[in-house]
Every structure is written in C-alpha cells, then in structure tokens.
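Notes for the one structure printed next.
The values are calculated or read from the model by the stated rules, or taken from the named source; none is laboratory data. Since the model is a prediction, treat every value here as computed from it, not as a measurement. We place every Cβ from the backbone using ideal geometry, glycine too, and count neighbours over all the protein chains shown. Note: areas computed on protein heavy atoms with side chains; ligands, DNA, RNA excluded. Shrake-Rupley method; radii C 1.70, N 1.55, O 1.52, S 1.80 Å.
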Amino acid sequence: MKLVFAGTPEVAVPALDALIASGRHEVAAVVTRPDAPAGRGRHLVASPVAQRAQEAGIEVLKPVKPRDEDFLARLREIAPDCCPVVAYGALLPRVALDIPAQGWVNLHFSLLPAWRGAAPVQHAIMAGDEITGATTFLIEEGLDSGPVYGTVTEEIRPTDTSGDLLTRLAFAGSGLLAATMDGIEDGTLKAVPQPADGISTASKITVEDAHIDWAAPALRVDRMVRGCTPAPGAWTVFRAERLKLIQVATVPDRTDLAPGELSVAKNNVYVGTGSYAVELLWVQAQGKKPMRAADWARGVRIPSGERLGV
C-alpha cells in the first residue's frame, strides 16, 4: 500500500522505522506537527518524526491544522491507501479521514476500550494496572472508539515509570502497526467493534494533577510519582518552593511518621503518608539539577518534624 504516516514525538519514531524497514509498503509522506520552540534559545525545532523522515528522504507535511486546504489538496494528490497514525497530536476532521481508501489507523498505547484519551500509559500506572498493551484501530470521529484490528500486551513492572513503559510499548507497538498494514493490504484482517464494557478515559495529566497528596496511601504516592515521570513530573512543596519527586520507594515497616513528615538518616530520607512511609530516592529542587535525596537533605539541613506539602 501507499502510506502517509502521521506522528510527532520520539515515541512515534519506532513505528515509522518499522514501516520503512518492512519494504512491503511505500511511505510516501509524513504528516507531523509544525516546528516548535525548544531548548534555552527557544529556537524552532522540527519534531522527531519530521527529522527521521527527512533523514530517510521522505516528504514532510506540517499543517498548522489538518483541515488546512493546502494540506488536504496535497493529501489528495498523494492518494494514500492508508494513513497509519502514532501520537500525531491533532484532531483529524472528517474531510481528512475520508481521503485514504482504507482510512487512518491509529496505534494507541492501551488495551482498548481501557484508557481512551491522551495519557493512557500514565493512567494505567497510576491506577495500579498490572497489564497494559497497545491497540491498532480504525479512527472515527469519536475519542479512540473505532473498531480494533489487533493488540499486543505488556506487563507493568513494579518500578516502571511512564517513560519506561512507553518506550517498551513504542517498540512492541511498531511491530503490531506494521503487521496491521500487512493484514489490511492482503485482506486477512478485519476491524472488530470495541466492547461496550470496560471503557475508561485517560485525560491529559496537568502539572496541578501531579501535586502529591501526602495523606494518600504510600502505594498511591508511588504510583503517582512513577506515572508522572518524566512528564509532567510529580512535585510537592518544601519551604514554599516546589520540589520535584523523581523516584521514591515504599517502606511498609515504617509507620511512625505523619503525612508529609520528614525523617532523615545518614543515607535515607523518609516521608510519612496516609499509610506507611515512602523513601525519597531522587529529587530535584527548584532551579537545581536532579540529585540523590540524601544529598539534597544534607544540603538543606532538615530539623526533626519538618514536613513536605506545607
């Protein structure tokens, strides 16, 4: 088939690579979000998908909105059979969905209908799910509600951050997306409607959502930190400034601390929660680089009974 691939961030690059490497289909063009400011200089930088496509000599389309007439006209000229999508980042209008004969096929990082929406990996970790995966489905105008072509499953490990899990899903999902294109082309794969039961939504995680509540149980705190790492980054307040929490560990045998109360030993920093304590392993103070929590605590000299979140 002739394909136009749509995607933007680094997590979409493995799928683009898999389609290029398959040799079975022609990736005629890539659709991605416009260049965005990045780095200290805030210079405009092309998306990771755009950079990879340029390296491969593939035409790159960067519409401000996918309903722009110039973009739609070029898409009609290319006349793709199918448009595979991974984390493109913009809502596709009906007029664009109707152009490829086989539609737009999305690789979504959950086992649909669970965790429809923008942040499925973060929500799966924060909810304490043990298994997640990736799904290919035919895009329709509803939110991740289209019929499913295929899935792969992935175990959520006890120490997984959303970054760890998303990296594994990106590579597992790339093979699924390539196999889905093959199955659509040879007619062996038909999309099956999603079940009506088991629907959950995964809205975007905001910075405010990532504010740690120390009255929550330790397991909840641990899942919040892992789910919000690397973005948007879990945080608390220490001496009226934000303290980013990069890694914690639960300590079930430490139950003597009130929620938010700090206890500092030579090489350990503990915080009370609504159940038992967690140990701070890595933190990042405002304006500083990430550091081991024990080193941070030595620098700020924490007296007995001081609390986080105040």
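If you go through the stretch 236-277 and keep only what is closer than 19 Å to Thr159 by Cβ, among the β-branched types (Val, Ile, Thr) and within 26 Å of the chain's Cα centre (by Cα), you end up with Ile246, Val248, Thr250. If you go through the stretch 69-90 and keep only what is acidic (Asp, Glu) and either exposed (fewer than 15 other Cβ atoms within 10 Å of the Cβ) or assigned to a helix (DSSP H, G or I) (or both), you end up with Glu69, Asp70, Glu77. Sub-9 Å Cβ pairs linking a first residue in the stretch 239-253 that is assigned to a strand (DSSP E or B) to a second residue that is open to solvent by 100 Å² or more (accessible area, probe 1.4 Å), at least 6 apart or interchain, are Glu241/Gln286; Arg242/Gln286; Leu243/Gln286; Lys244/Gln286; Gln247/Thr159; Ala249/Thr159, ordered by first then second residue. The residue that is nearest to Ala218 (Cα to Cα), among those in the stretch 278-310 that are small (Gly, Ala, Ser) and within 28 Å of the chain's Cα centre (by Cα), is Gly309. Set side by side, the residues Gly128, Gly133, Gly146 differ, and just one is small (Gly, Ala, Ser), touching a strand residue (DSSP E or B) at 6+ places or on another chain (Cβ under 8 Å), in a loop (DSSP other than H, G, I, E, B) and modelled with pLDDT of 95 or more, which is Gly146. Taking the criterion of being loosely packed, with under 13 Cβ neighbours inside 10 Å and hydrophobic (A, V, I, L, M, F, W, C), the residues of the stretch 175-206 that qualify are Val192, Ala196.
Of all residues in the stretch 136-174, those being under 30 Å from Thr229 (Cβ atoms), in contact (Cβ under 8 Å) with a residue 40 or more places away in the chain and open to solvent by less than 40 Å² (accessible area, probe 1.4 Å) number 14.
Answer with yes or no whether Ala231 is of a type in the set (Gly, Ala, Ser) and open to solvent by less than 70 Å² (accessible area, probe 1.4 Å). In short, yes. Just one of (1) at negative phi; (2) modelled with pLDDT of 95 or more fails for Ser22. It is (2).
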